[in-house]
Amino acid sequence: MMVTAADPFTSMLVVERLVDQELAVTQIDLEEMAERSRADRFDAVVALPPSSLLDYIERGWQDALGAVDAATALTVVAAPRLPVRTLVDNRRAGGGLSLLDATAPTSAPALLDAIRSAISGRHTIDPAFTLGGDASAIGGFSPAERLVFELVACGYSNRAIAGQLYLSERTVETHVRQIFIRLGLSEDPAINRRVLVARLALDGTIGVLSEQTRRPPGQTMRRTS
């Protein structure tokens, strides 16, 4: 099986734990993961992405995990804030999947059980990824935050959002700030967080855009009671 992790030290520790279970394990880089899952005869991939949503997207983890060959069992140990539940739909037609919560302790036997479950073709999803009933990273948003998120993703300014939702700009600013916090997008002069939010929504990483918010800026949304 193959193991890849955002942190090389973590990858090394996981490899050692699996070798202790008398398994044949190869440590690989993220760039090799998808290609080698198709070209080589590995039965399983174990992936440990970064906990930061920004790093997860910018380093290409979402695309790389989605490109792992469907015939290869996939076990992902990730923070629940990451949109790894999208992998369930990607592998619905075949290919086992296990999602483990990286914020909770995972013993070597538990990791091995998850890997074996994926190899058998089953989907095993830690409850941490399903709480709130939302398959994306926005499951913890309030209804107001979700609406603001959609409009930010569509390119609306705070002033335009305030007009659309009949809110004050200060209230919208508070919602936007909370959205960034929930997504783990810390303030960084080198990063336009609004652009990243739009990218997360529009590339399908976080699928939240409703028909109501797909209208061009300037057209007012109907207020619902």
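Rule-based calculations on the coordinates, nothing more; no lab input. Quantities reported herein were computed from a predicted structural model and do not represent experimental measurements. When we count neighbours, we look across all protein chains shown, and the Cβ atoms used for this are built from the backbone with ideal geometry, even at glycine.
Under conditions of 25 °C and 0.890 mPa s, the stretch 1-160 yields 150 µm² s⁻¹ as its translational diffusion coefficient, taking Rh as the Kirkwood radius over Cα pairs in the Stokes-Einstein equation. Between the amide H of ALA5 and those of LEU48, distances stay under 5 Å, these residues lying 5 or more places away or on another chain, with hydrogens modeled in the peptide plane.
For SER98, the amide hydrogen comes within under 5 Å of the amide hydrogens of LEU74, THR75, VAL76, THR124, counting only partners 5 or more places away or on other chains and with H modelled in the peptide plane. Between GLN178 and GLU35, the modelled labels are 4.5 nm apart [label points 7 Å from Cα along Cα→Cβ].
In terms of the mean number of neighbouring beta-carbon atoms within 10 Å, the peptides 95-108, 6-19, 42-55, 75-88 order highest first as 75-88, 42-55, 95-108, 6-19.
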